[in-house]
Amino acid sequence: MGKHRRSSQRMRARGTMFFGSVTVSLGIGLTAILAPSSSAGDDDTPALVRATLPVLAQEVVPPAEPEPEEPPAEEADPAVPADSGEGRRVVFSQGDQRVWLVEDDGTVTSTYLVSGSRFDNLDPGSYEVRARYRHATSFDNSGTMEYFVEFTTGWSEPIGFHAIPVDHDGQLEQSLDDLGVALSAGCIRQDIEDAAFLWDWAPMGTPVIVV
């Protein structure tokens with residue numbers, strides 16, 4: 001009886017055993033089903049019939065999220081052309097088809113593309129605002145324009161800054177996308193918002209520098 005109890009204690013320490021078909025549960029999670037050997041001369045040691053190893057759960061790693069794309073950097077506006085005067089002034093570059101509104105301290109209040117003359121009828125030089133017309137009519141009466149700021153005369157007609165002309169059908173004579181291309185007969189065409197801003201910004205006598 002004492003020997004049998006010691007054996008039972010050892011079995012409890014190692015696992016659980018049932019005879020006939022024998023199932024052994026080991027502490028590491030291994031389950032084995034044992035059966036007595038049927039070969040003659042074998043001892044009573046159970047033969048291993050099947051063993052099931054524990055299935056280890058694999059950690060599921062979610063795919064890495066793609067890095068958000070950085071928006072493209074905005075291009076800086078072109079600097080005011082060199083040798084374009086000093087102080088508060090309007091600068092118009094015929095080569096760049098661009099206007100700058102420059103403050104006394106050199107700060108650029110606004111710069112934008114325009115459409116100047118497709119003809120050679122405006123000489124580089126220094127001018128000043130000499131007339132202003134809230135509404136005007138083109139020299140050939142083909143349309144009307146707003147916010148006309150005159151600063152010189154071309155071959156025979158005034159030249160100035162104004163909004164893109166509107167023909168008699170109410171259509172713009174050019175698209176906004178075409179600003180930056182010389183398309184006029186002498187004046188400097190602007191988006192109407194820019195034309196209104198320049199109208200308010202440049203009173204009579206404001207210097208205009210053409211380069």
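The values are calculated or read from the model by the stated rules, or taken from the named source; none is laboratory data. Values in this document were obtained by computation on a predicted structure and should not be read as measured data. Cβ placement follows ideal geometry from the backbone for every residue including glycine, while neighbour counts extend to all protein chains displayed.
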From the list SER115, SER110, pick out the single residue that is among the polar types (S, T, N, Q) and surrounded by fewer than 16 Cβ atoms within 10 Å (Cβ to Cβ). SER110
Quick check on my filter: what residues within segment 151-164 are within 21 Å of ASP96 (Cα to Cα), out of contact with any helix residue (DSSP H, G or I) (no Cβ under 9 Å at 6 or more places or on another chain) and part of a loop (DSSP other than H, G, I, E, B)? GLY154
Go over the candidates ASP194, ASP177 one by one and state the one that is farther than 23 Å from GLU103 by Cα and either modelled with pLDDT of 95 or more or not in a loop (DSSP other than H, G, I, E, B) (or both). ASP177
Could you check how many residues of segment 93-114 are of a type in the set (S, T, N, Q) and either in a loop (DSSP other than H, G, I, E, B) or over 28 Å from the mean Cα position of the chain (by Cα) (or both)? 4
Taking segment 122-150 and keeping residues surrounded by fewer than 18 Cβ atoms within 10 Å (Cβ to Cβ), assigned to a loop (DSSP other than H, G, I, E, B) and more than 40 Å from the chain's Cα centre (by Cα) leaves ASP123, ARG130, PHE139, ASP140, ASN141, SER142
